[in-house]
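Report on one structure; see the data block that follows.
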């Protein structure tokens, strides 16, 4: 293989990896969160819907006040609440793997590691608050 062909092949591979990483990061985006939220709304389960709303709004507010990665925060909310809803080990494992790939994708794309970690942390805190408040008041 010529040096030019190897370089083109390497470039295509890097571009494919970046594209795949961006696709996984989209699992923690606001549009994907809204898509999941609409699906949750259609379940006609106000408790579950309220948990999602509270956690999502809290993560977005925290991301506006502090430097956190919104994708890792919202992704965590989606991971936990969908896993709790489906209550299926195989789904939870699949969702956890997808979330871990999301986190590694953020690193691969050059996102600040501290902000990503803070996103995971605050996603967990906001999920806990939403779960607690919903069970307390509803």
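The values are calculated or read from the model by the stated rules, or taken from the named source; none is laboratory data. What you see is a predicted model; the values in this text were computed from it and never measured. We place every Cβ from the backbone using ideal geometry, glycine too, and count neighbours over all the protein chains shown.
Among the residues of region 117-125, is any over 19 Å from residue 21 (Cα atoms) and loosely packed, with under 13 Cβ neighbours inside 10 Å?
No, the conditions are met nowhere in region 117-125.
Residues in region 88-99: is at least one modelled with pLDDT of 95 or more and farther than 27 Å from residue 22 by Cβ?
Yes, region 88-99 has at least one match.
Just checking: which of the helices (runs of 4 or more DSSP H) contained wholly in region 43-138 hold 3 or more residues that are over 22 Å from residue 24 (Cα atoms) and either in contact with a helix residue (DSSP H, G or I) (Cβ under 8 Å, 6 or more places away or on another chain) or touching a residue at least 60 places away in the same chain (Cβ under 8 Å) (or both)? Please lay out each step first, then the result.
Numbers: elements: 46-65, 70-86, 89-108, 113-137.
So the answer is 46-65, 113-137.
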